[in-house]
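Working notes, structure below.
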Amino acid sequence: MTCRRKWIQISIIAAIMLVLPFFFPSGYYYRVGALVFVNALSVVGLVILVGYAGQISLGHAGFAGIGAYACALAPTHLGLHPAVAILLGALISAALALLIGRPILRLKGYYLGVATLGFGILVSMVLSNERALTGGPDGMSVPDLGLRSLLRDMGWRISGGEFWYGLNAVVLLIGIWIALNLYQSATGRAMRALHGSEVAAQTVGIDVPRIKLQAFVISAVYASVAGSLLALQNGFITPEVAGFMHSVEMVTMAVLGGVGSVLGATLGAAILTLLPQVLTVFAEYEQLVLGLIMVLVMIFLPRGLLPSIVAKLRGRGE
Amino acid sequence: MSILEVKGLGISFGGLRAVNDVSFAVKPGEIVSVIGPNGAGKTTLFNMISGVYMPGVGQVFLEGQDITARAPYLLARQGLTRTFQNLQIFQEMTVLENVIAGFHLTERGPIWADLLSWPSARKRAGEVRNGAYELLTRVRLEKAAEEEAGNLSYGALKRLEIARALAMSPKVLLLDEPAAGCNAVETEEIDALIAELAASGIAILLVEHDMKMVMRISNHIVVLDHGEKIAEGTPTEVSRNPDVIAAYLGSEEETAHADG
Ligand SMILES: Nc1ncnc2c1ncn2[C@@H]1O[C@H](COP(=O)(O)OP(=O)(O)O)[C@@H](O)[C@H]1O
Ligand SMILES: [Mg+2]
């Protein structure tokens, strides 16, 4: 039953991804779609940490920064193919999450929020200050992934926008599939259990610090891969990718859509990515609008947009 | 040979000696009850035995091994688990999932298998699912299996906690007021269930306010008052002990009659 529900969710998203381009007024919208998918990917990772395991992170953009700069630096300095650089970035992010997660995850609530916030700020400061390597706040260019030219050689001519739309869609679907697998597995259930009651989770044999750490590392890898894809598709990256605002953006997307729901997180990412495209004023007042959305959601839809809608529909059906 | 042994256990909170020099032992298949007025230190005693609090003094032995202050999840892996007086339910999971979570030690496997929904992971999940259904049937919650746990009544949640604890096939089970908030019928059922569990060889340490139930099913009773053990023995011995009557039983029976 749960297995069927998983495939229904994945099919719905895949169908939307396929159908959407028919309504695009211009090729530019492939770019917007690609951005939605990248943001959704890191938010799905946050759902695992925040929604499943009940732990907060206000510094996850730090991992996005690591993924992004791995793709900017590793090809030129280590001679790695950008695709391998994505893996390297994910590996570094996972190792770092493992290292800092152990002490940090002992903290609870606000304290955990502040500690993760500190981590994010640290990463973005290093990226800004290591001018020789990263170009500082001005950013640096990122080499081409090279996959599109490969497709062209095989006789498949697509635009950059189309390419990134397709690639990010596939990666996001894989990310969603993994997150949904986890949800109904022993590990995912242990995460949700300790979210409900740490002491009760312990009494059934769950190693709480270990499971929290697993959630932290997995979500760090999601953010890292998303950061890599963002860097590669833009061909340029600045330390802002690791900045505090980006972390807050991620959390707001997750909270807006429904932090316990993978599908909801995708919806939240879509809304908050599209909003500034539609309302140009949004860009100017981004902080203000993000804060407002956060407060309104917390008050009126504490479980997030999608779960609240689903609950409403269910209630009416009965 | 006793499976659980408590020796001179004590703890203080600030100036308050919540538990002081308490010793007793439980054999496999035995039901030992801890009784005493509110605030006597029963829950605190449970918290120390189950590793939630670190005892100030004294030791706890499980199958002869010193397990004092060992982390609760390690104790669970050695076969000791408990339920809680103030419910500790996984609220946002379904009733069935709560029990499946209790099978964590049986179900867990390599994390990559969980992430990729590998056949081995799905097989493990399927197996414990059936076990969880059986346990739900045993506490008569099978009809609520797919409901969100948070929606259940207090009495139902008490039984859900027992089912979850049973999922890890404990050798020693600590039950903190399992029948609190249950009606007469539910209390009887829990009563019968506890006797059944003991008969299957589980050592049971019980805190319960329903004196009729305690007197009926206990093999041995430990009486606490102000953190001290003031008496212990068989139900008959304890109910005749003048100290116990003065501290607890007399007033309790009056309230029991008033309630009834
Ligand atoms: N964590 C704690 N901090 C301070 N005092 C506590 C704590 N836990 C229990 N106590 C105190 O210890 C005493 C015994 O409480 P408890 O074990 O809950 O009693 P019982 O379960 O017998 O009703 C009470 O006075 C209670 O206030
Ligand atoms: Mg108590």
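The values are calculated or read from the model by the stated rules, or taken from the named source; none is laboratory data. Small disclaimer: the values here were computed from a predicted structure and weren't measured. Here Cβ is always computed from backbone atoms with ideal geometry, including for glycine, and neighbour counts include all displayed protein chains. Side chains included, ligands, DNA and RNA excluded: accessible areas come from the protein's heavy atoms. Shrake-Rupley method; radii C 1.70, N 1.55, O 1.52, S 1.80 Å.
List of remarks:
- Checking each residue in the stretch B:53-69 for being in a strand (DSSP E or B) and of a type outside the set (A, V, I, L, M) picks out B:GLY58, B:GLN59, B:PHE61, B:GLN65, B:ASP66.
- Any hit, the stretch B:29-52, residues being in contact (Cβ under 8 Å) with a residue 12 or more places away in the chain, part of a loop (DSSP other than H, G, I, E, B), within 14 Å of chain A (Cβ to nearest Cβ) and within 12 Å of ligand 1 (Cβ to nearest atom): yes
- Any hit, the stretch B:126-145, residues being acidic (Asp, Glu), touching a helix residue (DSSP H, G or I) at 6+ places or on another chain (Cβ under 7 Å), open to solvent by 20 Å² or more (accessible area, probe 1.4 Å) and closer than 30 Å to A:GLY175 by Cα: no
- Odd one out for B:ARG82, checked against (1) closer than 22 Å to B:CYS182 by Cβ; (2) modelled with pLDDT of 95 or more; (3) within 12 Å of ligand 1 (Cβ to nearest atom): (3)
- The residues in the stretch B:148-168 that are modelled with pLDDT under 95 and over 20 Å from B:ALA180 (Cα atoms) can be counted, and the count is 2.
- The residues of the stretch A:165-188 that are surrounded by fewer than 22 Cβ atoms within 10 Å (Cβ to Cβ), more than 9 Å from chain B (Cβ to nearest Cβ) and touching a Leu at 6+ places or on another chain (Cβ under 8 Å), listed by number, are A:LEU167, A:VAL171.
- The listed residues are A:GLU130, A:GLU162, and the only one of them that is surrounded by fewer than 21 Cβ atoms within 10 Å (Cβ to Cβ) and modelled with pLDDT of 90 or more turns out to be A:GLU162.
- Subset of the stretch A:73-100 [under 20 Å from A:LEU46 (Cβ atoms) and of a type in the set (S, T, N, Q)]: A:SER93
- In the stretch A:189-207, the residues that are at the interface with chain B (Cβ under 7 Å from one of its Cβ atoms) and outside any loop (DSSP other than H, G, I, E, B): A:ARG189, A:ALA190, A:ARG192, A:ALA193, A:GLY196, A:VAL199, A:ALA200, A:GLN202, A:THR203
- Scanning the stretch A:272-284 turns up no residue that is of a type in the set (Val, Ile, Thr) and within 14 Å of chain B (Cβ to nearest Cβ).
- Number of residues in the stretch B:183-227 that are at pLDDT 90 or above, crowded, with 18+ Cβ neighbours inside 10 Å and under 23 Å from B:ALA25 (Cβ atoms) equals 20.
- For the stretch A:138-159, the tally of residues that are over 21 Å from A:ARG31 (Cβ atoms) and open to solvent by 70 Å² or more (accessible area, probe 1.4 Å) stands at 3.
- Failed condition for B:LEU75, given (1) open to solvent by 10 Å² or more (accessible area, probe 1.4 Å); (2) of a type outside the set (Gly, Ala, Ser); (3) away from ligand 2 (no atom under 16 Å from the Cβ): (1)
- Each residue in the stretch B:12-48 was checked for being open to solvent by less than 20 Å² (accessible area, probe 1.4 Å), in contact with a Lys or Arg (Cβ under 9 Å, 6 or more places away or on another chain) and away from ligand 2 (no atom under 13 Å from the Cβ), and 2 pass.
- Out of B:GLY8, B:GLY58, one residue alone is modelled with pLDDT of 95 or more and more than 16 Å from B:LEU205 (Cβ to Cβ). It is B:GLY8.
- Here is the figure for the stretch B:191-240: residues that are in a loop (DSSP other than H, G, I, E, B) and either among the acidic types (Asp, Glu) or within 16 Å of ligand 2 (Cβ to nearest atom) (or both) total 5.
- Of all residues in the stretch A:293-313, exactly one satisfies the criterion of being in contact (Cβ under 8 Å) with a residue 12 or more places away in the chain and charged (D, E, K, R), namely A:ARG303.
- Enumeration of residues in the stretch B:162-190 that are within 16 Å of ligand 2 (Cβ to nearest atom) and either of a type in the set (Val, Ile, Thr) or under 26 Å from B:TYR73 (Cα atoms) (or both): B:LEU174, B:LEU175, B:ASP176, B:GLU177, B:PRO178, B:ALA179, B:ALA180
- Which numbered condition A:GLY51 misses (of (1) out of contact with any helix residue (DSSP H, G or I) (no Cβ under 6 Å at 6 or more places or on another chain); (2) modelled with pLDDT of 95 or more): (2)
- Any pair with Cβ under 8 angstrom, 6 or more apart, that starts in the stretch B:227-238 at a residue that is on the phi > 0 side of the Ramachandran plot and ends at one that is assigned to a helix (DSSP H, G or I) and within 16 Å of ligand 2 (Cβ to nearest atom): B:GLY227/B:THR44
- Lone unmet requirement of (1) among the hydrophobic types (A, V, I, L, M, F, W, C); (2) crowded, with 22+ Cβ neighbours inside 10 Å; (3) within 17 Å of A:LEU58 (Cα to Cα) for A:MET294: (2)
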